Structure formats: structure tokens, C-alpha cells
Amino acid sequence: MNAPTLAAALALALAGCINVDVELATRHGRYTEKTVEGDPDDQAKVALIDVQGILTSDQEESLFASKESQVVALVEKLKLAEADPNVKAVVLRIDTPGGDVTTSDILYNELISFKSRKKVPVVAAFMGVAASGGYYLASGCDAIVAHPTTITGSIGVISMHVSLTGLLDKIGVKVEALKSGPNKDMGSPFRALSEDDRRLLQALIDQFYARFVSVVVEGRKGRLTESQVRTLADGRIFTAPQALEAKLVDGVGYLADAVFEAQKRANVSKAKLVMYSRRPSRVDNEYSASAQAQTFIGSDLEQARKLLGFHCYYLWEPYILGK
């Protein structure tokens, strides 16, 4: 960054306009490993990998910050864990209300593929919120440990249709769509949903819902039947104790309990806990953030904006409105 640009950035920051990440030069660097717990001389490792925020495949760059695609981040970290013969287990720390259907499914598939190749136990550690797409991803883990104050569940699909027709009528604006077929603009905010629109869109949602249920059934095999999953999969949320009683999680505890569970499943008595970060100097312990800087506009607000169009989400939607 040249001197005039840096000066402008600092001036804006001092004016309170933006938050500037002063380690801009490192944001495109490779992930590096850092020991955050345990004896550094121990050979066996448990890799702690974060999945945080709304699940999206978007990757954004600006002059002052970046938001890395969660798919890119998870795949890169799993590759590092897979290539290291000393990684005996993985703890996937999940703190997300979910996100779009495709990103949730890609993350799940990447996790399943990693497990089939690496053949090490993967334990999910739920933090504040691990709902909808977050639970979808966790279904690929061998065990789930929920923090005592976790909110989880919200198994289902949501799509919100925003109609602007009343507003446009008031201000005298009319939008006309020239289309090749009657359903080409279904879900558009510029016209009300017809009954045919509702039928077709509901069919899409039902298919995505069926996929979600099948993923949970596979993940909870031997613990929940399909009928039991469908009873729980009505969109409701659960506290950690409720989820344990419903057999949606395998234990209630803290991060250390999830790490212990991973070591036990790996049959390892001693192991150091490691994290992968592009900014290792900022990783001090297992509660340090390893994620990239976020865009100063705020990724959650950007995702809320996208709800104006027709999109299907594995998402606990009230979380967004309550942020």
C-alpha cells in the first residue's frame, strides 16, 4: 500500500468511518499451524477448525478488508489436516445459524469426503448457535458436543418472498417482465405470488427439506429413526439439554470436553491442540479467532439483503433479524 493510500485509510479510520485491518499484507497468505493447547513436543495432534457466521460461498475483497469463502477456508484447513500424519482427530467448532442450501451441502460433502480419506474421528463442538445449516454440517461428524448454552435445531428450509407491488403502486412505478414462459419470473418481488408459483416453489422447498432430513437420519443412525427426525424437524430450536434429550447431540459440555471426546475416539492419551490461521500472530489460545477479517459493510447485512430475491436457506432466520 503506497503512502497516500495508507494516509487516506488511516484518516477514514480515525474519523470512525471504517475498521481497518492493519495486517492487510498477510490476508492472502497461506494457512499456518499454531499450537494453542498442550505440550508442543507432543507428536499427536487434534486439529481445531472453525466454521462461523452465515454459511455462504461468497468471497469478497475490498481495499481495507476481505471476507473469505467459508468453503475455501474449510477445504484448505481439511487438506492441511489430511496431509499431516500426526493429526489423529478433528474438532469442528460450529457457531452459525446456517446459510444457503448449496453452501451447507458443499461443506457437509467436503467433510464426509475428508473422513472417508483420512479416517480419523471428527467431533462437532457447538458454540452459541449451531442451527439449521450448522446442524446439517454437524450431521457429518462422528459425535456432537453442545455448549451448555447452545441453541441448535431449526431443521428445515426457509424462503422469504418480499412483494414490493404495493409500494410501487403508491409511488407510481410499474415493472413489466418480458418472459419466455409464465413461470420465468416466479418469486420476483415485483409481482405477487400466484397459486401456481406457490405450488412450484413449495415443491422445491419440499425437496430440499427431504434432503436435510436424509442427512440428519444418516448422521444420527442408530440413535434416531426417520420418523423421529421428521417429528423434530419442524423448524423448532432446542437448548443443549433439550437437544441431548431428543438425541440430536451426544453430550453437553465445553470445548475441552469435545477435544477429550475426539482424543478418546482416536485412542490417543496425549495430543496437542492446533489451529490453522492466515494470521498466526493473532492466535494465542483455543478461543482466538482464526477467521479472516470481515468486510466493513458486514456480511450478515449483505446476506439479509439477498433475502429480497427467491433463495432457499437452511437458516434460522430470526438470528439475522436479532443481530
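The values are calculated or read from the model by the stated rules, or taken from the named source; none is laboratory data. This one's a predicted model, so the numbers in the text were calculated from it and none came from an experiment. Counting neighbours? That spans all protein chains shown, and the Cβs are built from the backbone with ideal geometry, glycine included.
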Can you confirm whether Leu111 is touching a Leu at 6+ places or on another chain (Cβ under 9 Å), modelled with pLDDT of 95 or more and either more than 22 Å from Glu245 (Cα to Cα) or not aromatic (Phe, Trp, Tyr) (or both)? yes
Residue count for region 174-199, restricted to those that are free of Cβ contacts under 8 Å to residues at least 24 places away in the same chain and either surrounded by fewer than 11 Cβ atoms within 10 Å (Cβ to Cβ) or of a type in the set (Lys, Arg) (or both): 12
Qualifying positions in region 123-140 - buried (at least 24 other Cβ atoms within 10 Å of the Cβ) and out of contact with any helix residue (DSSP H, G or I) (no Cβ under 6 Å at 6 or more places or on another chain): Phe126, Ala130, Ala131, Ser132, Gly134, Tyr135, Ala138
Considering only residues that are surrounded by 19 or more Cβ atoms within 10 Å (Cβ to Cβ) and in contact with a helix residue (DSSP H, G or I) (Cβ under 6 Å, 6 or more places away or on another chain), which ones fall in region 218-245? Val229, Ala233
So is Pro85 out of contact with any helix residue (DSSP H, G or I) (no Cβ under 9 Å at 6 or more places or on another chain) and modelled with pLDDT of 90 or more or not? yes
